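Input: a single structure, listed below in structure tokens.
The values are calculated or read from the model by the stated rules, or taken from the named source; none is laboratory data. The structure displayed is predicted, hence computed values, not measured ones. Counting neighbours? That spans all protein chains shown, and the Cβs are built from the backbone with ideal geometry, glycine included. Only protein heavy atoms, including side chains, enter the accessible area calculation; ligands, DNA and RNA are left aside. Shrake-Rupley method; radii C 1.70, N 1.55, O 1.52, S 1.80 Å.
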Amino acid sequence: MTKFITYYTTFFCLFFIFSISISAQEREDTPASFALFFKNEKADTHLRLYYLQLSFKNKQSDIALAARYADSALALGKNYGTRDQWIYTNLYRAELQEIPGDTLQTGLMLKKVAPLLKETKNSLLHGMYYSLMAGLEADKHNLQGQLNYLKNALTHYENANDLMAQGNISMKLAGYYLHNLGNSDNAITEYKKALAHFEAVNDKTAINNCLREMAVTYNTIGNHKEAITLFHKAIRNSESIGDTKSIARAYFDMGNTYVNIREFKMALDCYEKTISYAEMIKNTTLLAYSYSMMGSVLFTEGGSIADIIDYQEKALALFKEAKIERGIAGTSLSLAQSYTRQKDYPKAYGLMQQVLTSPVTRETPSYLSVAYGIYADLLLQVSDEVPDISHLSNKDSVINLYLDSCRILEERIDNPGSTMRFWGKYAEAQEKMNDYQKAYNGYKKYIQLKDSLENIEKKTEIIRLETDFKYAKQQDSLKYINQLAHQQIENQRLLTLQQQHKLQLIHSESELRRLNLLHAESDLSLQKEKGDNLQKMLTISRQEQQLKQASLEEATKENELQKLRIRQQWIVGLSLLLGLVAASAFLLYRNKNKQNQVKLELERQVSDAMLKSLHAQMNPHFIFNSLASVKSYISGNDPKKATNYLNNFAALIRRILHSSQEGNITFEEELETIRIYLSLEQERFMDKFSYRVLWHSKISPDRIMVPALFLQPYVENAVWHGIMPLKADGNIDVEVYDEDGNLMIRVRDNGV
């Protein structure tokens, strides 16, 4: 019995795609700014330079050791070197303080540096200061302050013509626009600026980092094709410099992109390469996430459960080794699902006990929702394998409690796809517990959400196809223009060759004429004739050249006309598209209004029907006669009978009102209402008749749903039209029994 598998598998794919944020590899060489301030210094004679070089060397591997070396450089005092070197050393130390997130100490150090900056006009120092201040504003969530400092830093770096620093600021601006404002267009623009700066200084490590970050952004906004292209480019660049760490991260991110477009085979290939490179560089974190993603993808595709569990167990062991709590919680949930599919319920139960008590799970709504769903699924399937579960006396109630908790969290998270899958599995669970009313309601909500999501997906696919079509048309137009330009260049080349040949011919003819004049004056007349022919040829050559020039001008005009036609086609296409969008929006708006009107009319009709039904059920004559009976008991000094009669009358009224609201009730509730009604009528008519309500069916009456008060009119008819005219005592029998596979109901009296 499999439950909730597709729903939670999809969740974990999305979770692991976005749960890890792998930062770019930082440069380990000496920064350009250092070389600028200490270009005339030597490490063997100047201690400050020596300490700073040691700090740079250990910055990536041991930040604490790097900070101690920087402190040693500061301990030499401000007079040990130039003023700008002293300011640079303080700023560098503040940067080291910012890396582990000690914003308090970073702020104090920058506050001390601020007065010193007034003594220098060095743009690099001012740029470093504003960049660090932007980081402090980011920690305080002051978005406007962060943006202002970043722009000031960029201005100073532009004045200093430091392309590398400009690229780094553009990267920070891209992150600001993407993560704080959700503006992916501005983020991509900044990434492109950063890439241009890094390419200008030929820093391939920075180039690879920028390419990967830009690819991840394209993946986030759904441009998966461009993202994959950039990942491949980053991998090629990383291979050229032997940057194994960057290669591994690029393959991992590209695998996530393939998961988004459901190219699972390509995704698995990328994760396998990531694992290979991660093992080479001994990156435990990346290795853990890669194993986890391998298991999740195989789970989604219905792969071998043994392979899935093997990958997930490897991932869990690595997460525990690296002490990554979110990874431990997420992988434990995935592994519990796999154990449940394998029917290894004790292991699944043990993992779920750990996950449900984990602080990470309790503090993360998305984790907790998944945990509740998986645990409910486990409770449904376990029988005797887990004593703690099999001994539960109210197992169905516990399952419903977890399902309701999962539903509340899903509605709070507000993910339509996730909520749709929940209702589908919720309906299956209720059906297994024989609660068909809840199962029916769950299926209705599942179908509604599914239809809504399918409409959204269809619209998205139409937009994507239109975009691809426009892109293809644009590429075809550019290709045609390029071919036309190439053809014009080729025509010009041929024309030039033809002119050269003609000039050579003219030169040859002139030489022949000169020789003839020298050798024989007698041939003068003949040479004159040849001269006339030569003049004619020159005239023809000029005419041909003019024709070629006119042809070239005509081709140029044709090219301009073609560009104009293309521009007109774009304008017409965009106009048609806008008109189509406007018409679609109008039709959707009109249809929605019509649906709302129909819905309101149906609700009004239902309300009217409910009022009419209530009026029919609460017979005014019966109520008046019942109250008259109570009055007679009171006037006859019989309060006990009056009290009993009034209690039964109130119980009947409550049941009628309750049934009017419910619509469908159990047969047992309907029969109880009949008993109360007959007892009231029997007492009011002084035991003139007796009655029996008999149930002979094998099916329990509390498991059959019937329309509310459907039997009461028949019984009332038997009392008033059968028994009341009878002078002798009467009998009324209400029997329910099985006959030929049908449930039969007989209302019988011995009246007239």
Subject >> Cα-projected label distance for LEU657 with LYS444, points at 7 Å along beta-carbon direction, nm >> reply: 2.5 nm
Original post:
By how many nm would the segment from ASP185 to GLU603 grow when fully extended, if each residue of separation counts as 0.36 nm and the alpha-carbon distance is taken off?
Top reply: 145.9 nm
Original post:
In whole Å, what are the Cα extents of segment 101-145 along the three principal axes, biggest one first?
Top reply: 30, 21, 13
**OP:** For an R0 of 35 angstrom, estimate the FRET efficiency from the Cβ-Cβ distance between THR284 and ASN148 and round to the nearest 0.05.
**Re:** 0.30
Subject >> Above-threshold pairs, the threshold being 31 Å between Cα atoms, out of LYS273/LYS425; LYS225/LYS245; LYS245/LYS450 >> reply: LYS273/LYS425; LYS245/LYS450
Subject >> Links that overshoot a 19 Å alpha carbon limit, given the list LYS314/LYS347; LYS445/LYS594; LYS233/LYS282 >> reply: LYS445/LYS594; LYS233/LYS282
**OP:** Work out, step by step, the length gained on full extension between GLN595 and HIS232: first 0.36 nm times the residue separation, then minus their alpha carbon distance; give nm to one decimal.
**Re:** 125.7 nm
Original post:
Hey, what's segment 88-188 come to in accessible area per residue, 1.4 Å probe, Å²?
Top reply: 47 Å²
Original post:
Can you give the extra length, in nm with one decimal, that the chain gains between LYS111 and GLU313 once fully stretched, where that is 0.36 nm per residue apart less the Cα-Cα distance?
Top reply: 67.7 nm
**OP:** Using label points projected 7 Å from each Cα along Cα→Cβ, tell me how many nm separate LYS432 and THR643, to one decimal.
**Re:** 5.2 nm
Subject >> Formal net charge of residues neighbouring ASP307 (Cβ-Cβ distance under 12 Å; K, R +1; D, E -1) >> reply: -2
Subject >> Cβ-defined net charge surrounding LYS112, 12 Å radius [Lys, Arg +1; Asp, Glu -1] >> reply: +3
**OP:** Could you check the simple spin-label distance between GLN568 and ALA64, using points 7 Å along Cα→Cβ, in nm with one decimal?
**Re:** 7.6 nm
